[in-house]
């Protein structure tokens, strides 16, 4: 976080233009040269718009007689609203400018209703531009699609799919026959077993060894295999 905050600190200085530029112009220069490039690195393929609010308050600030106006973003992690701290050394003053951000990216949206528990795939979704500042959770994109996941609740048409709306599918169900793979270093042993409970990928579930009838915990790897590490 320290690196981020240092990188967004900005001192407006340009020979011959310093005293000609108003405070508003200097802040806009900061937005175009610092904030938009910074956000573009975080949100690739995004269209970013930043609007200054309460501009009337800027007219009450005295002219900065020193050679620098310092500007910094008080909430660099914000996606919608933040404040810029604007300060001057001579005369000494400090002010805060409220800012509204719009970050629009191409993301996965539903093109037909998806019921709770239904699989999300290419046939019921498409790409659409969405403003992530109005959403909760992380959106899915073409580079990181939600295909194969299931809806955690009923989704209407044109719903932007976020990680809050998805669950991992159940790969193994109670009573399924599974292959138990046990590994220790370079030694790998495989045996047949039966799942004693449902499981999603990566989850530890109870399985019974069909030969010894021993009950063990194993991690779900696929829809037919579980893994035990010794």
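Quick notes
- Taking the criterion of being outside any strand (DSSP E or B) and closer than 11 Å to residue 218 by Cβ, the only residue of segment 181-196 that qualifies is 196.
- Residues in segment 183-195 that are surrounded by 15 or more Cβ atoms within 10 Å (Cβ to Cβ) and within 36 Å of the chain's Cα centre (by Cα): 195 alone.
- Check on residue 200, surrounded by 12 or more Cβ atoms within 10 Å (Cβ to Cβ), within 31 Å of the chain's Cα centre (by Cα) and at pLDDT below 95: yes
- Every test in (1) exposed (fewer than 13 other Cβ atoms within 10 Å of the Cβ); (2) more than 30 Å from residue 161 (Cα to Cα); (3) free of Cβ contacts under 8 Å to residues at least 24 places away in the same chain is passed by residue 37 save one, and that test is (2).
- Residue ranges of strands (runs of 3 or more DSSP E) in segment 38-151 with at least 3 members under 30 Å from residue 171 (Cα atoms) and out of contact with any helix residue (DSSP H, G or I) (no Cβ under 7 Å at 6 or more places or on another chain): 93-110, 125-131
- Test result for residue 208, in contact with a strand residue (DSSP E or B) (Cβ under 7 Å, 6 or more places away or on another chain), outside the structural domain of residue 141 (by TED's automatic domain parsing), surrounded by 14 or more Cβ atoms within 10 Å (Cβ to Cβ) and farther than 29 Å from residue 138 by Cα: yes
- Flag not set for residue 199, criterion: outside the structural domain of residue 150 (by TED's automatic domain parsing) and farther than 23 Å from residue 148 by Cβ.
- Within segment 51-62, residues that are without any contact (Cβ under 8 Å) to a residue 40 or more places away in the chain sit with their Cβ atoms under 9 Å from residues that are part of a loop (DSSP other than H, G, I, E, B) and loosely packed, with under 12 Cβ neighbours inside 10 Å, at 6+ positions apart or across chains, in these pairs: 62/91.
- Filtering segment 58-77 to residues that are exposed (fewer than 14 other Cβ atoms within 10 Å of the Cβ) and at pLDDT 90 or above leaves 75, 77.
- Restricting 132, 48, 157 to those that are surrounded by 13 or more Cβ atoms within 10 Å (Cβ to Cβ) and either over 17 Å from the mean Cα position of the chain (by Cα) or not assigned by TED's automatic domain parsing to the domain that holds residue 23 (or both) reduces the list to 132.
- Boolean, residue 219 is farther than 30 Å from residue 79 by Cα, touching a strand residue (DSSP E or B) at 6+ places or on another chain (Cβ under 7 Å) and in a strand (DSSP E or B): yes
The values are calculated or read from the model by the stated rules, or taken from the named source; none is laboratory data. Being a predicted model, the structure only gives us computed values, none of them experimental. Cβ: placed from backbone, ideal geometry, glycine included. Neighbour counts: every protein chain shown.
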